[in-house]
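Taken together, the values in this text are just the output of simple stated rules run on the coordinates, not laboratory data. This one's a predicted model, so the numbers in the text were calculated from it and none came from an experiment. Glycine gets a Cβ as well: all are built from the backbone with ideal geometry, and neighbour counts include every protein chain shown.
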Amino acid sequence: MLSKHDPTSKDTYGFDFKNPTKLDYIATIKAVGIEQRSQENGYFWDCRLREETNVFVFQYTLSGCGEIRINGKTHLLPEQHAFMIQIPENCQYYIPSSSNDWKFIFITLSGEEVKNCWNYINSTHGHVFQIALKKRIIQQLVATYTDVQNGQLLDIYQVSQKAYEFLSLCYRHFETRIDSLLLSTPPDVEKALHFIKENFTNNLNVDDISEQTGLSKSHLTRKFKNFTGYSPLNYLNKYRIEQASYLLQHTQKTVKEISADVGFTDSNYFCKAFRKMKGMSPNSLRKTKDSQQNLGFLITESHGIIDLD
């Protein structure tokens with residue numbers, strides 16, 4: 001069921017499903033909207049006082065300027081700036097006295113995979129960042145809002161699919177930024193990332209990865225997670241599943257063959273891990289129409305990762 005989420009805005013929508021327990025283990029959208037605020041009608045959110053828990057807000061300035069205060073530090077949010085926060089958190093966002101108006105688009109999400117994504121973004125880029133309007137992550141957010149506005153997202157599974165699309169583009173956008181900042185990557189973490197990407201088809205464990213860095217398993221795991229948001233093995237599984245997604249969409253190999261190709265020794269475990277990350281089975285992804293147009297990267301043996309932007 002689709003309902004108006006904020007009575008003061010005609011352009012904000014929330015979702016209210018009859019069986020919310022289905023949302024416990026999958027990423028989903030709680031609300032999405034475009035709002036324009038001014039000094040006249042005011043706007044102030046204190047995330048410590050909001051009733052929601054374990055939800056995440058991504059908000060992007062379309063025009064004007066807002067402001068966010070996080071743990072006592074203030075950040076301006078002019079055009080083409082965004083923030084991502086967890087609720088509850090010690091932050092407040094609002095239209096400041098120095099701004100006449102603030103127009104923004106936002107999406108509120110929940111689910112374990114959303115939390116993983118937020119941990120990754122927060123650990124590598126903080127809470128506030130600049131993103132060009134033309135970037136696919138913002139264009140997809142606008143498209144999702146339009147779909148909601150036109151009544152095209154009417155059940156939990158359609159909404160979850162859009163949530164996963166948005167998360168995939170978040171990873172893509174911020175990983176691309178990390179690639180351009182490799183000089184700031186800790187050398188031992190960079191070695192671990194390179195080793196995983198070169199050897200993901202093999203039967204790897206934490207001992208294999210830590211041996212490449214000269215760090216103990218516990219030290220590597222802590223340092224790797226602080227930088228990427230994932231443990232080494234969780235990152236390995238994520239990388240394998242991204243490769244599997246490409247093979248599912250562009251080859252006729254069976255799921256069992258693809259599972260083995262990307263380094264999983266048990267195809268049943270592969271299917272469970274794939275569903276947990278993607279929100280659908282490998283065969284469901286293969287059947288998805290027009291999957292090619294949603295690809296951000298092509299992964300080939302001869303050229304590696306090719307940016308489709």
Contour minus Cα-Cα distance for L233 and L133 (0.36 nm per residue): 32.6 nm
Mind checking which of V55, G72, Y43 is farthest towards the positive end of the stretch 38-77's charge dipole, using Cβ charges of +1 (Lys, Arg) and -1 (Asp, Glu) about the Cα centre? G72
Förster-model FRET efficiency, 22 Å R0, S284 and A260, C-beta, rounded to 0.05: 0.65
Here the gain from full extension of H194 to Q149, 0.36 nm per residue of separation minus their alpha-carbon distance, amounts to 11.9 nm
When a/c reaches 1.5 or more, the comparison of a/b and b/c decides; with that in mind, is the stretch 120-222 rounded, prolate or oblate per its Cα gyration tensor? prolate
Most packed first (mean Cβ within 10 Å per residue), the peptides 273-279, 63-69, 50-56 order as 273-279, 63-69, 50-56
Assuming 0.36 nm per residue, please report the length gained on full extension of the stretch D101 to R50 beyond their Cα-Cα distance. 16.0 nm
At 7 Å along the Cα-to-beta-carbon direction for both Q92 and S38, put a label point, then send me their distance in nm to one decimal. 2.4
Between rounded, prolate and oblate, where does the stretch 2-179 land on the alpha carbon gyration tensor, with a ≥ b ≥ c its root eigenvalues, rounded for a/c under 1.5, else prolate if a/b exceeds b/c? rounded
